[in-house]
Amino acid sequence: MLTDLRQALRGFGRTPGVTAAAVLSLALGIGANTAIFSVAWAILAKPLPYKNAERLAILWNRSPGLDILEDWFSTAQYFDIATRTTSFETLAIALGANYNLTDADREPERVGGIRVSSNLLPMLGAAPLHGRLFRPDEDRPGQAPVAILGASLWNRRYGGDPKIVGTMV
């Protein structure tokens, strides 16, 4: 086997162009397969990082007459579904938007945020690093708004200071 390997290496040395093309083809093929497999694994096979992920579903509002195949439910539609259906163990709503974050010590900043019902984070198995999650009474209109900061915003804007919990922003 050692003799065959030496003979192959000599042959590769005599035709460097063909050898380079073969090595490049193999490298591209292996790289492309690795990339495709990684994406397919992340999308199709890897379980979602949520508690009871196999029991989660997203509901979409469809309006084929308006060419809308996937649209978020409005808050009123959510409450209609939540009060009239018994098909789901629990329902939660999330509405994304941009907000102006201001406080006394820093410049205002435009941040992306998600308004959620109080049951969404416990349903996903989320737990805060500091502070608390939303309470059900905070879902009612007229309640003072409460915010939970994501880790990246908390670290970037407030330096990861746990004393920010309970302060007014």
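The values are calculated or read from the model by the stated rules, or taken from the named source; none is laboratory data. For clarity, every value in this text was computed on a predicted model and none was experimentally measured. Here the Cβ is made from the backbone with ideal geometry for all residues, glycine too, and neighbour counts use every protein chain on show. For accessibility, only protein heavy atoms count, side chains too; no ligands or nucleic acids. Shrake-Rupley method; radii C 1.70, N 1.55, O 1.52, S 1.80 Å.
Taking every protein chain into account, the 1.4 Å probe leaves Trp154 with about 40 Å² of accessible area, to the nearest ten. Hey, what angle do you get for helix 75-84 against the long axis of the chain, alpha-carbon based, 0 to 90 degrees rounded to 10? The answer is roughly 80 degrees.
Candidates (1) 1, 7, 12, 14, 14, 14, 12, 9, 7, 5, 3, 1, 0; (2) 1, 6, 9, 12, 12, 11, 10, 8, 6, 4, 4, 5, 5, 4, 3, 1, 0; (3) 1, 9, 17, 20, 20, 14, 8, 5, 3, 2, 1, 0, 0; which is the computed P(r) over Cα pairs in 5 Å bins from 0, in percent? Answer by label: (2).
In deg cm²/dmol and to the nearest 500, what is the mean residue ellipticity at 222 nm of the chain if only DSSP H runs of at least 4 residues count, each as -39500 (n - 2.57), divided by the residue total?
Values: 5 runs with 61 residues, N = 169.
For the chain, the value works out to -11500 deg cm²/dmol.
Angle, helix 2-14 long axis vs. longest principal axis of the chain, Cα atoms, 0 to 90°, nearest 10? Long axis of 2-14 versus the principal axis of the chain: about 90 degrees.
Please find the FRET efficiency linking Tyr99 to Ser63, where r is the Cβ-Cβ separation and R0 is fixed at 35 Å, and quote it to the nearest 0.05.
Calculated value: 0.80.
Calculated FRET efficiency, Ile164 to Ile30, Cβ-Cβ distance, R0 = 41 Å: about 0.30 to the nearest 0.05.
Backbone geometry of the range 35-51 corresponds, through the Karplus equation with coefficients 6.51, -1.76 and 1.60 at θ = phi - 60°, to 3J(HN,Hα) couplings of 5, 5, 4, 4, 5, 4, 5, 5, 8, 9, 9, 5, x, 5, x, 10, 5 Hz, x marking Gly and Pro. Summarising the amide proton neighbourhood of Ser117: residues at separation of 5 or more, or on other chains, whose placed amide H is nearer than 5 Å comprise Ile93.
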